[in-house]
1. Report the relative contact order of region 18-115, percent, no decimals, based on alpha-carbon pairs under 8 angstrom and at least 6 residues apart.
2. Could you tell me the largest-minus-smallest coordinate of the C-alpha atoms of region 36-76 on each of the three principal axes, in descending order and whole angstroms?
3. Let me check I've understood the local charge: for GLU33, count other residues with C-beta under 13 angstrom from its C-beta, Lys and Arg +1, Asp and Glu -1. What total comes out?
4. When the gyration tensor of the chain is built from Cα positions, what are the square roots of 5 times its three eigenvalues, in whole Å, from largest to smallest?
5. Please sort by residue number the trypsin sites (Lys or Arg not before Pro) in region 18-70 whose DSSP state is loop and whose Cβ has at most 14 other Cβ atoms within 10 Å.
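All of the numbers you see were taken from the coordinates with simple rules; none came from a lab. On a predicted model such as this, the values are computed, not experimentally measured, just so you know. We place every Cβ from the backbone using ideal geometry, glycine too, and count neighbours over all the protein chains shown.
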Amino acid sequence: MNEVKLHVGDINDMGKRFIDAWKRLENGQKVEERHLSFFSLDAMMTTLSPKRLEILKHLHRHQEKNVATLARVLNRDYKRVHTDVEALAAAGLIERDAQGIRTLYDSVQATVSLN
């Protein structure tokens, strides 16, 4: 399964994940994982709003050729879908190219540190 792990934390949290992965690599373990970090819960929740999660779910099932088609299928305003697609692409959760718009992952897991 191709998944991304989302985290809310600071630069120290990111560093710990990097060091942990480095040590596992040094020990001969295969490390194939993707992480996306947010510095605040608000930033993560804004990026993963219900409407944006709807886009991710749809794109997981159906690649769309462009934003206009995606907006039409979802029965949403083009401008708002465009804004959502741009935000998801900037976060690295979807990809846009000449072939269309698609999600990169089968699963998104979120972790919020209470530290």
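1. It rounds to 25 percent for region 18-115.
2. Principal-axis extents of region 36-76 (Cα, largest first): 33, 18, 14 Å.
3. Every neighbour counted, the sum reads +2.
4. Details: eigenvalues 178, 57, 20 Å².
The three semi-axes for the chain are 30, 17, 10 Å.
5. LYS30, ARG34, LYS65
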